[in-house]
Every structure is written in structure tokens, then in C-alpha cells.
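Everything below concerns the one structure shown next.
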Amino acid sequence: MSNARYDTIIIGAGMSGLAAGIRLAQYDQRVLILEKHYLWGGLNSFYKRAGRRFDVGLHALTNYVPKGTKGAPLSKLLRQLRLRHDDLELAPQSYSEIAFPGTKLRFSNDFELFRSEVHERFPHQIEAFERLVAELDAYDMFSPPDTDISAREVLKDFISEPLLVEMLLCPLCYYGSAREGDVDWYQFAILFKSLFNEGFARPEGGIKPLLDLLIKRFAELGGELRMRTGVDAIVHKDGECQGVRLADGTELEANCVLSSAGWAETMRMTGDELYDTHVNEEEIGKLSFIETIFVMDKTPAQLGHDTTIVFFNDSTEFDYQRPKTLIDPRSGVICCPNNYQAKTPLKDGLYRVTTLANYDRWKELSPEAYSEAKLQSVEAALQTAAPFSFDPRPHEIERDCFTPLTVERFTGKMAGAVYGASRKRLDGRTPLENLHIIGTDQGLLGVTGSMLSGISIANRYALVPN
């Protein structure tokens, strides 16, 4: 090992890694964050094309609460990172909706709107829905007794109307479930609160200003960030993590290593023996997505659409599975960033449409077939999405599209699995002492959840009292 020794090395400069780094640097730890790509942010990043900046990942910062709200995850996050609510410059949503054929449920950052919508659309389910809400309010989602309980099965004990069950599952699956056809009950509880009890906001200017804030804060505290620096291996001996070996062969020692790379990805860095022992088919995520971003000459509101986010499904049954073909256009998410209540309006109209995709089918394509497949997939997605919103193509200035291969390339997530493995590691532990998982595969969800994941695991394992 080299003479360079750190208190903590963090693999990945995504939301969880940056938050963990800030938290530890506050306590004068010598902290190094290693990021193999040229941009930070991980699953929530940005890039420029033809002078325009595009957000990747971020549709909404969930768990939004107004300034001064006590006890909420966002408030806890701000307190742990010693940031002010105003620092985030959050623009709340107007309203969003779950749209199935013939039935819509609107929701906003005021839970009473969602409650009234459920009561009006499903009057025979009012008592059942209120019992569900009471159960979720009392449920300890962060210390669940059983993490394998199916939300679908639990919902049947409360809701007798199948359509309402499907409509509740649709947005929660799309915004956090790594489990095909379902979502874990404890994650349903987390997501329900994140989306419906709290709500959506978007940083003014998109994800970059939020990332800039975190990077600046980390640097001011003395943290070290190395970009374009991949980790080739996690160095360990006798069951204890000792540090990392970089792609150029340099070895760095650390008292603790936190990895946001994902469970299977982290085990792969420890070597074949641990990987083969601790990674099976269930440890590799199966769900990925394709998204197209349209830049338009008009805003969505000018085209008669003022909804912030639409979770759409073209039938009464919601099928959340890895598709057998390139994509499944039957359901998805439409995001219109212009429809947040921002102080400074966006220059162009933006329309983002996201559907499920199959990594293996995209991986099989030749470069020529890949380009054509993107075009065809966008057309298929819009055929379903446009009736639930509008058709952006007549007003298109520019578009860009990313696939599961793009996700894998720029995040390192195996099979482009945005939400990682279906099995989460809530305690962050691995087979090696001093090596811990943060981020997607630890189990907390969304931008706020991901940052809290990094903070909670850093607090638990890397902050050693003097």
C-alpha cells in the first residue's frame, strides 16, 4: 500500500457519496471521493449538448416540505449537512397525476388533494383508504421487521378495488422499485410518504446547481475529490478491507471504505471469491429504462398541459416487468420541468418521457440498429404517452435519448439497473469489515433518500468518537 492514508474513501460521487463525504469532512476526517467519470452526480447528473444542458435522472426531488417543517427527511438532511432550506432553491410542483384509461388521480404537495381525489373517484373505498393511510402513518418503515413482504399482498388486505391498487402501485414502482411486478411493503411505505404526504420539487436551474452546492461544501470542508479515477479493486486481508487499488495501479489505504457502486458491482471489486459467494441472480438488478428529452419552441402550459408529472398506464392492469422486447410502451412517466413553480422560467419547453426497457435486447444491437431502435422506441412510447399529455414532436427543436446501455456506461450499474438489486442491505454491511454499502442498494430512495443513505451509513460506521 502507498503512504497515502485516509480516514474514509468513498467510491462514487453520486448523491449518497457526496452527502457522506460532506458529513465526514465536517468532523475533520480526511475523506477522498473517487469518481471514474468526468461528471459527478451518478444517476442524477447532467451533460451539455449543442450548448444546452440536459438533466439526467432527476424528475423530482421527492420528500419536499416547506421551510421550517420539523421531523421530515428533507429537514433531517439539511440539519445533517448544515445547509439551509433556501440553499437548495427548490421550486415546488404545480400538481401531478396518475392517469389510467377513464380515471385520473391528481396529487400535489398538499396530501388533502390526493385524499379528496381518491374519495371522489373511489367512494366505496373511502374507509379502506383511510385505514391504509393510518397503517402507513404508524408503520416503522426504517426498521421493518420483514423486508420481503409484498406491497401487493398487503394492499389486498385494505383495498378491495383492483384499479385503485394498480393506480397506487404505478408511481411508487416507477420512482423506486427494483422488484418486478411489485414493490416491497416497507419501500411502499417510504415512497407513499415521499410522493403523497410530502411531495415534489425541483432545484432552480435543475440538478447542476444542487450538485455545485454539494461539491463546493465538500471542498470548503477540506474534502478531496478525484474525477476520472476508477477503482480497479478493493484491497482486503483476513476479512478486513484495507483500502482500494486504482485503475493505474496506485493503492490507497483507508480506515473505512463506503461504496455507492451497488452490491454486485462492489463485490466484483473485491475479487472472484467473494463475488461468487455473495452474488447470485437476485443480486443483479433487472429493471432499466429508456428516456427521451424533447426541447420545444413552446412550453407545455402554452400547449394546454400544466401537470408537472404524469404516471400513465394504458389499461386497468399495471404490468411492471422487464419487457421481452426493447421497451414496454404501455406505461411510463411524463415529466414537464416547466411546470414547477420556479422563480426563473426555463428558456425552452421541456418534455421527458420514460418507459421500461430491456438491457439484454439493447445490448444485442449493432451500432446501426441501435440508432434506428431509439427512433422506433420513441415513436412507440409517444403513441401511448401523447394521449395522456400532448405530442411534443410538432414543436421539437432538439431531442436526446438514453437507453439502458447509456445508464451502464455512465453509472457503472450492471445491466443498466437504475434501482439496483431487488434485495437491499439496510444495515450497509458487507462480508468485509470496514467496507459498507451506501446509495441505491442500501435501500433509501430518491435524491433525498440517497443522500440520507450516505449520511446514515457514514454516521453508523465511519464516525468514530475521539
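The values are calculated or read from the model by the stated rules, or taken from the named source; none is laboratory data. None of these values were measured; they are calculated from a predicted model. A quick note on method: Cβ atoms are made from the backbone with ideal geometry, for glycine too, and the neighbour counts reach across all protein chains shown.
Just to be sure before I move on: is Lys76 in a loop (DSSP other than H, G, I, E, B) and touching a residue at least 12 places away in the same chain (Cβ under 8 Å) in the structure I sent? No.
For the stretch 55-77, the set of residues classified as at negative phi and surrounded by fewer than 19 Cβ atoms within 10 Å (Cβ to Cβ) consists of Pro66, Lys67, Thr69, Lys70, Ala72, Ser75, Lys76, listed by residue number. Of the residues in the stretch 237-270, how many are exposed (fewer than 15 other Cβ atoms within 10 Å of the Cβ), at pLDDT 95 or above and closer than 22 Å to Thr411 by Cβ? Looking only at that region, the number is 0. You will find that of Gly71, Gly14, the residue that is among the small types (Gly, Ala, Ser) and in contact (Cβ under 8 Å) with a residue 40 or more places away in the chain is Gly14 and no other. Residues that are in contact with a helix residue (DSSP H, G or I) (Cβ under 7 Å, 6 or more places away or on another chain) and buried (at least 18 other Cβ atoms within 10 Å of the Cβ) within the stretch 315-330 comprise Phe318, Tyr320, Leu326, Ile327, Pro329, Arg330, listed in sequence order.
Between Thr266, Thr229, Thr270, Thr277, the distinction of being touching a Pro at 6+ places or on another chain (Cβ under 9 Å), under 19 Å from Ile438 (Cβ atoms) and β-branched (Val, Ile, Thr) belongs to Thr270 only. Exactly one residue out of Ile190, Ile234 is buried (at least 19 other Cβ atoms within 10 Å of the Cβ) and at pLDDT below 95, and it is Ile190. Of all the residues in the stretch 27-54, those that are crowded, with 18+ Cβ neighbours inside 10 Å and either basic (Lys, Arg) or in a loop (DSSP other than H, G, I, E, B) (or both) number 8.
In the stretch 371-411, the qualifying residues are those that are among the small types (Gly, Ala, Ser) and touching a residue at least 60 places away in the same chain (Cβ under 8 Å), and the one that is farthest from Ile290 (Cα to Cα) is Ser389.
Within the stretch 116-135, the only residue that satisfies the criterion of being buried (at least 19 other Cβ atoms within 10 Å of the Cβ) and under 30 Å from Glu282 (Cβ atoms) is Leu132.
Contact map, the stretch 118-135: residues that are over 10 Å from Ile159 (Cα atoms) paired with residues that are β-branched (Val, Ile, Thr), Cβ distance under 7 Å, separation 6+ or inter-chain. Pairs shown: His119/Ile126; Arg121/Thr103. Any residue in the stretch 189-201 that's assigned by TED's automatic domain parsing to the domain that holds Lys343 and closer than 16 Å to Arg106 by Cβ: show its pairings with residues that are part of a helix (DSSP H, G or I) and β-branched (Val, Ile, Thr) at Cβ separation under 8 Å, as long as the two are six or more apart or on different chains. Within 8 Å, no pair qualifies.
Entry remark, the stretch 427-449: residues being modelled with pLDDT of 90 or more and under 16 Å from Thr266 (Cβ atoms) number 16 in total. Put simply, of Val257, Val235, Val244 the only residue that is assigned by TED's automatic domain parsing to the domain that holds Gln26, in contact with a His (Cβ under 8 Å, 6 or more places away or on another chain) and not aromatic (Phe, Trp, Tyr) is Val257.
For the stretch 196-209, does any single residue satisfy the condition of being crowded, with 16+ Cβ neighbours inside 10 Å, in contact with a Cys (Cβ under 9 Å, 6 or more places away or on another chain) and aliphatic (A, V, I, L, M)? No, the stretch 196-209 has no match at all. Filtering the stretch 147-166 to residues that are without any contact (Cβ under 8 Å) to a residue 40 or more places away in the chain and assigned to a loop (DSSP other than H, G, I, E, B) leaves Asp148, Ile149, Ile159, Ser160, Glu161. Screening Ile98 on (1) of a type outside the set (Gly, Ala, Ser); (2) at pLDDT 95 or above; (3) on the phi < 0 side of the Ramachandran plot; (4) surrounded by fewer than 16 Cβ atoms within 10 Å (Cβ to Cβ) shows it passes everything except condition (4). Please work out if Ser116 is of a type in the set (Ser, Thr, Tyr), on the phi < 0 side of the Ramachandran plot and at pLDDT 95 or above. So Ser116 fits the description; yes.
Residue count for the stretch 107-142, restricted to those that are in contact with a helix residue (DSSP H, G or I) (Cβ under 9 Å, 6 or more places away or on another chain) and either assigned by TED's automatic domain parsing to the domain that holds Ser315 or not charged (D, E, K, R) (or both): 18. The set of residues in the stretch 151-176 being within 21 Å of the chain's Cα centre (by Cα), small (Gly, Ala, Ser) and at pLDDT 95 or above consists of Ala151 alone. Being over 23 Å from Val65 (Cβ atoms) and part of a strand (DSSP E or B), is that true of even one residue in the stretch 106-113? No.
With Leu90, Leu163, Leu113, Leu105 as the choices, which residue is crowded, with 20+ Cβ neighbours inside 10 Å and more than 30 Å from Asp212 (Cβ to Cβ)? Going through Leu90, Leu163, Leu113, Leu105 in turn, just one is crowded, with 20+ Cβ neighbours inside 10 Å and more than 30 Å from Asp212 (Cβ to Cβ): Leu105. Taking the stretch 330-426 and the helices (runs of 4 or more DSSP H) fully enclosed by it, the elements with 3 or more residues that are modelled with pLDDT of 95 or more are at 359-363, 367-385.
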